[in-house]
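Here is the structure we will look at.
Nothing in this text is a laboratory measurement; each read-out follows from the coordinates by a stated rule. From a predicted model like this one, the values you see are computed outputs, not experimental measurements. Ideal geometry is used to build each Cβ from the backbone, glycine not excepted, and the neighbour counts take in all protein chains shown.
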Amino acid sequence: MKVPQLNYKYMNLTITIALFFSLFLAGAVWYKGFFSLQVFLNMFIDNAFLIVTSVGMTFVLIIGGIDISIGAVIALVCMFSANLLEVRQWSPALVIPLMLAIGCLFGLVQGVFIHYFKMQPFIVTLAGMFLARGLCYVISIDTVLITDPFYQWMATYRIPLPFHTFISFSVVIAVVVLALAFYILGYTRFGRTAYAIGGNEQSALLMGLPVGRTKVLVYTLNGCCSALAGIVFSFYMLSGYGLHAVGLEMDAIASVVIGGTPLTGGIGFVTGTLFGVLIQGVIQTLIMFQGTLSSWWTKIAIAFLLCVFIILQRLIMARKEGRKSIA
Amino acid sequence: MEIWIKLWRIVTNSRLFWPLAALAVVLLFNFFYTKDFFVVEIKDGHFYGVLIDIVNRAAPLMLLAIGMTLVVATKGIDISVGSVIAISGAVAASLIGGNLEYVDGTQKLVTLVPMPVAIVAALAVTTLLGMWNGLLVARVGIQPIVATLILLVAGRGIAQLITQGQIITIYYTPFKFIGAGYLAGVPFTLFIVLLVFAVILYLLNKTALGLFIEAIGINSVASRFSGIHVSKYIFLAYAFSGFCAGVAGLIICSNVSSADGNNAGLFMELDAILAVALGGNSLDGGKFSLLGSVIGALVIQSITTSIYATGVPPEITLVVKAIVVICICLMQSTSFRTIIFARWGQKRGSVSESTTVKL
């Protein structure tokens, strides 16, 4: 009885990782210069913010919720920090903690609304999205460039690695966030409670688990992750603009789903999410190497993969249910 | 006194009370703060005025909200409508094309295909896309939000593919009539909305369709056991939502005389869901009110228009929208009302006790 369950838990993850490596190998066969450590590392450099925010989204999806405000929060963080740094001449040492605090607060309020007022996560975070995007425009409707030396340094500095390769600081941040999330989800009471809520909220409540606190904390954590992603994004873009990161929430959800976390919650790994992001990265890189295809093919390819994965998950689920009913 | 309290209860418990109250608040605000808000004049044989403008501009949203209501009633959600709008416009624009050519010394517009064919093609494509969503949800059994997420992500890419990544401008003037024309002095868009609304209302009320959809939303398993062909009706709801998005896409495309794969209908899916929620419909499915959703769409457009009219910088629209959404959702949230009114009730505890004694 236990074996098929374990199989299901790891099956999606295995398929995702296998798909990533086969796509990467296909690229290596087709294009010269594709098979290098630097191309692999570039996927991390270009998608560091997506990794950070997708990790937060993984938590939210595991408890069976959804958060569509993250793209807007990232834009708000970029815009607000650009404004504080450039117009008000604040120090980055003050701006970064402030942004993280704002992100946490944003998530906390959304969590409270969702849990205590029993409002739909979709609607609450939709309002949050409008609010964050609107606040961006209130600050400025133009692009604000960041010229702060620290941000410039963070954007351009490359940490050298062996074999003449390099990564940026954003990658270090993303890896640290991943490691932390991996630990929290797998080895703490909080993580296990999150899985329990996603599995069945009613049962979790009857078991005496702190459902309300955990749910609110998960949304707070997600807000914090998206603020951090916003900071990483501002290192990457070096500007604040109201239309930054439009639709990023859907990219994040797609990464998490491709990574094997169903939107019904209860199951999921951050490792899968990482590979979900990397698959998007490898598709982007493939299209870049191909040269003639336009960038919108990325969207179509990702949607196609999303479709395949969702149907696959559904089939596995159906098989599992079928087995249960036979037993 | 008792009668008034009872009447108040009946009124506030009515499904349409909260959406109408929201609309009334927005209009009342305009009554005091916006000059000439309620003035409707006749110029060049057309009705002019802010109110007419609101109705005209809300037309695409009303259509989306009508389609979305049925989907939401079946306990689903369709987040792909914004992308479908872009595809609809892209199909229509690329088929109509419309080049200025000189024939016998006079300017003449040449379309690639006749306009009705282009319109039918656009609507057929969007209905097919709706059916694709319906297929994924009803047959394959995927969660609605995930199933429609696929089209949301892919849709803009497809629209870009159709328009070759460019913004197609339509010079063919008859097409402009759909989104900007007037019939009997009233915007033509209003007739489109009324037609769709009337047809679907007739089908819902005169056949068992409405009852079936409600039943599916309340308990799909029980509905299946009582002999309702659940997957068929869910499929139809998504197909209809795709059709509505197609019509809305045509209106938007015709109104601006161009098709923009990137920006046409951007975030419209969120506005549509919002309209449904503001209309007093539970996003958990079940009982629904089409009229409520239409009112919800009007509330959203009234807020937007009054922000423009009061001279507040338009950038603030989103912030105001967010605050209004939060307030209205809080009012509709039963647990919020219990928390607030429980406090209130405690303070007036003695009063309510005396009334119970009387009874």
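How large is the helix-only mean residue ellipticity at 222 nm for the protein assembly as shown, computed as the sum of -39500 (n - 2.57) over DSSP H runs with n ≥ 4, divided by its residue count, in deg cm²/dmol to the nearest 500?
Using -39500 (n - 2.57) per qualifying helix, the result is -24000 deg cm²/dmol.
Using a 10 Å Cβ count of at most 14 others and DSSP loop calls, identify the longest part of chain A lacking such trypsin sites (Lys or Arg not before Pro).
The longest uninterrupted stretch comes out as A:159-327.
Any idea what angle helix B:230-256 forms with the longest principal axis of chain B, computed on alpha-carbon atoms, 0 to 90 degrees, nearest 10?
60 degrees
Just to verify a number: FRET efficiency for B:ARG15 and A:SER22, C-beta to C-beta distance, R0 = 41 Å, to 0.05?
The calculated FRET efficiency here is 0.20.
Label chain B by shape, choosing from rounded, prolate and oblate, from the square roots a ≥ b ≥ c of the eigenvalues of the Cα gyration tensor; if a/c is under 1.5 it is rounded, and otherwise prolate applies when a/b is larger than b/c, oblate when it is not.
Because a/c hits 1.5 or more and a/b fails to exceed b/c, chain B counts as oblate.
For chain B, find the longest principal axis of its Cα atoms and tell me its angle to the long axis of helix B:144-162, 0 to 90°, nearest 10.
Around 20 degrees separate the two axes.
For chain A, list the DSSP H helices whose alpha carbon atoms reach 20 Å or more along the long axis and whose average Kyte-Doolittle value is -1.0 or above? Numbers along the way, then the final one.
On the way: long enough: A:2-30 (42 Å, 0.90); A:37-62 (32 Å, 1.76); A:92-116 (35 Å, 1.85); A:121-139 (27 Å, 1.76); A:169-187 (27 Å, 2.56); A:211-237 (38 Å, 1.11); A:270-290 (30 Å, 1.49); A:296-326 (45 Å, 0.84).
Both cut-offs are met by A:2-30, A:37-62, A:92-116, A:121-139, A:169-187, A:211-237, A:270-290, A:296-326.
When a/c reaches 1.5 or more, the comparison of a/b and b/c decides; with that in mind, is region A:42-120 rounded, prolate or oblate per its Cα gyration tensor?
Oblate is the answer for region A:42-120, as a/c is 1.5 or above yet b/c matches or exceeds a/b.
Against the longest alpha carbon principal axis of chain B, how many degrees, from 0 to 90 and to the nearest 10, is the axis of helix B:50-73 turned?
In chain B, helix B:50-73 runs at an angle near 70 degrees to the longest axis.
Taking the alpha carbon gyration tensor of region B:235-307, what are the square roots of 5 times its eigenvalues, largest first, to the nearest whole Å?
Its equivalent ellipsoid spans semi-axes of 23, 17, 10 Å.
Taking the Cα centre of region A:49-276 as origin, sum charge times position over the Cβ atoms of Lys and Arg (+1) and Asp and Glu (-1), and report the length of that vector in debye to the nearest 20. If you can, show how the numbers build up before the last one.
Numbers: 8 positive and 7 negative charges, 98 e Å.
Dipole size: approximately 480 debye.
Going by the alpha-carbon gyration tensor, a ≥ b ≥ c the square roots of its eigenvalues, is region A:49-276 rounded (a/c under 1.5) or, if a/c is not under 1.5, prolate (a/b greater than b/c) versus oblate?
Oblate is the answer for region A:49-276, as a/c is 1.5 or above yet b/c matches or exceeds a/b.
Where in region B:1-35 does the amide nitrogen come within less than 18 Å of the point 7 Å from the Cα of B:SER282, taken along Cα to Cβ?
Output list for this probe position: B:12-19.
Using a 10 Å Cβ count of at most 14 others and DSSP loop calls, identify the longest part of chain A lacking such chymotrypsin sites (Phe, Trp or Tyr not before Pro).
For chymotrypsin sites (Phe, Trp or Tyr not before Pro) (loop position, at most 14 other Cβ atoms within 10 Å), the longest site-free span of chain A is A:164-327.
Return the whole-Å distance between the Cα centroid of region A:38-60 and the Cα centroid of region A:88-147.
Cα centroid of region A:38-60 versus Cα centroid of region A:88-147: 20 Å apart.
To the nearest whole percent, what portion of all C-alpha pairs in region B:57-266 is separated by more than 20 angstrom?
57 percent
What's the center-to-center distance, using Cα atoms, between region B:221-293 and region B:121-191 in Å?
So the separation of the two Cα centres works out to 12 Å.
Put +1 on the Cβ of every Lys and Arg and -1 on every Asp and Glu Cβ in region B:29-81; which of B:VAL71, B:VAL39, B:GLY49 then has its Cα farthest towards the positive end of the dipole?
B:VAL71
Suppose every Lys and Arg Cβ carries +1 and every Asp and Glu Cβ carries -1, with no other charges. What dipole size does chain B come out with about its Cα centre, to the nearest 20 debye?
Working: 21 positive and 15 negative charges, 252 e Å.
Dipole magnitude for chain B comes out near 1220 debye.
Distances longer than 44 Å among the Cα atoms of the protein assembly as shown: what percent of all pairs is that?
In whole percent, the share of Cα-Cα pairs in the protein assembly as shown beyond 44 Å is 25.
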